[in-house]
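Novice: What follows is a structure written as structure tokens; I'll ask about it next.
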Amino acid sequence: MTQLVKVQNFVVSQDGFGAGEDQTLDRPFGHADPGTLFAWAGATASWPNRTEPGGSRGLDDYLTRDFANNIGAEIMGAHKFSPHRGPWRDHDWQGWWGDEPPFHTPVFVLTHHERPSFTLSDTTFHFVGGDPADVLRLAKEAAGGKDVRIGGGATTIRAFLDADLVDTLHVAVAPVSLGHGVALWKSPDELLDRFHLDVVPSSSGVVHHLFWRR
């Protein structure tokens, strides 16, 4: 089976921003409201944090349910893991996700500043430098033949796209504009030289963009 490099369920605004500006401990998406960006996934029957029965079915639910399918490792940027800039001042900080992170795989956090690895539940976080190809080699080895997910944020995804290392990409465009922030693209057409694209609107209001290599 081919080991794929995937972006899954990454959400951007209508104007192409994956997060707002002015990220803080209390606002991991900066001035953007994650409740608005991720409302489509939170409304599904398969949303992992659902506490009540019910939820929507259909395409949104399928994509939410498929998120963990055959994923063996994740790569994320330092600012998905933490709002801190520069050298690590507080090794007690272990991410926004509490004692049970949602990844269930090794996670490679891209950073210019070394920090010891640590494990929470079934997720081990490694802090690594290097170019995208070097980090991807580490993640593929750790994934044990399963796929590798590029988890974000937008700057990290763009780095792997620009290095031509992504096989499939799913971006959900939410019905909201941010005006400014951390951009994934100005237009999805930027990727059409390397990817096929299907655009599928959902009844939730998001528009799913599904890319796969030409």
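Novice: How many residues are within 15 Å of the chain's Cα centre (by Cα) and buried (at least 20 other Cβ atoms within 10 Å of the Cβ) when one looks only at the stretch 21-60?
Specialist: Going through the stretch 21-60, the residues within 15 Å of the chain's Cα centre (by Cα) turn out to be 28-29, 34, 37-38, 41.
With buried (at least 20 other Cβ atoms within 10 Å of the Cβ) added as a condition, the list becomes 29, 37, 41.
Total meeting the criteria: 3.
Novice: Kindly provide the set of residues from the stretch 66-92 that are in a loop (DSSP other than H, G, I, E, B) and either surrounded by 18 or more Cβ atoms within 10 Å (Cβ to Cβ) or in contact with a Ser or Thr (Cβ under 6 Å, 6 or more places away or on another chain) (or both), ordered by number.
Specialist: Going residue by residue through the stretch 66-92, those that are in a loop (DSSP other than H, G, I, E, B) are 69-70, 82-92.
Of everything in the stretch 66-92, those that are in a loop (DSSP other than H, G, I, E, B) and either surrounded by 18 or more Cβ atoms within 10 Å (Cβ to Cβ) or in contact with a Ser or Thr (Cβ under 6 Å, 6 or more places away or on another chain) (or both) turn out to be 82, 83.
Novice: Any residue in the stretch 184-198 that is touching a Phe, Trp or Tyr at 6+ places or on another chain (Cβ under 9 Å), under 18 Å from residue 38 (Cα atoms) and touching a residue at least 24 places away in the same chain (Cβ under 8 Å)?
Specialist: yes
Novice: Shifting gears a bit: What do you reckon, is residue 166 within 30 Å of residue 56 (Cα to Cα), outside any loop (DSSP other than H, G, I, E, B) and among the aliphatic types (A, V, I, L, M)? Show your work before the answer.
Specialist: Working: within 30 Å of residue 56 (Cα to Cα): yes; outside any loop (DSSP other than H, G, I, E, B): no; among the aliphatic types (A, V, I, L, M): yes.
The answer is no for residue 166.
Novice: Pairs needed: first member in the stretch 1-21, within 16 Å of residue 210 (Cα to Cα); second member anywhere, surrounded by fewer than 16 Cβ atoms within 10 Å (Cβ to Cβ) and charged (D, E, K, R); C-beta distance under 8 Å; at least 6 residues apart or different chains.
Specialist: Listed pairs, sorted by first residue: 8/66; 16/186.
Novice: Look at residue 125 and say whether it is in a helix (DSSP H, G or I), of a type in the set (Phe, Trp, Tyr), touching a residue at least 40 places away in the same chain (Cβ under 8 Å) and out of contact with any Cys (no Cβ under 7 Å at 6 or more places or on another chain).
Specialist: Values: in a helix (DSSP H, G or I): no; of a type in the set (Phe, Trp, Tyr): yes; touching a residue at least 40 places away in the same chain (Cβ under 8 Å): yes; out of contact with any Cys (no Cβ under 7 Å at 6 or more places or on another chain): yes.
Here the answer is no, as residue 125 does not meet what is asked.
Novice: Might you check whether a residue that is touching a residue at least 24 places away in the same chain (Cβ under 8 Å), farther than 21 Å from residue 29 by Cα and not in a loop (DSSP other than H, G, I, E, B) occurs anywhere in the stretch 94-105?
Specialist: Checked the stretch 94-105: no residue is touching a residue at least 24 places away in the same chain (Cβ under 8 Å), farther than 21 Å from residue 29 by Cα and not in a loop (DSSP other than H, G, I, E, B).
Novice: Residues being within 21 Å of residue 164 (Cα to Cα), surrounded by 13 or more Cβ atoms within 10 Å (Cβ to Cβ) and of a type outside the set (Phe, Trp, Tyr): count how many of those fall in the stretch 195-212. Before you say what the answer is, go through the steps one by one.
Specialist: The first filter runs over the stretch 195-212 and keeps only residues within 21 Å of residue 164 (Cα to Cα), leaving 195-198, 209-212.
From what is left, the residues that are surrounded by 13 or more Cβ atoms within 10 Å (Cβ to Cβ) are 195, 197, 209-212.
Adding the requirement that they be of a type outside the set (Phe, Trp, Tyr) leaves 197, 209-210.
Looking only at that region, the number is 3.
Readers should treat all values here as calculations from the given coordinates under stated rules, not as data from a laboratory. Everything quoted here is computed from the prediction, not taken from an experiment. Counting neighbours? That spans all protein chains shown, and the Cβs are built from the backbone with ideal geometry, glycine included.
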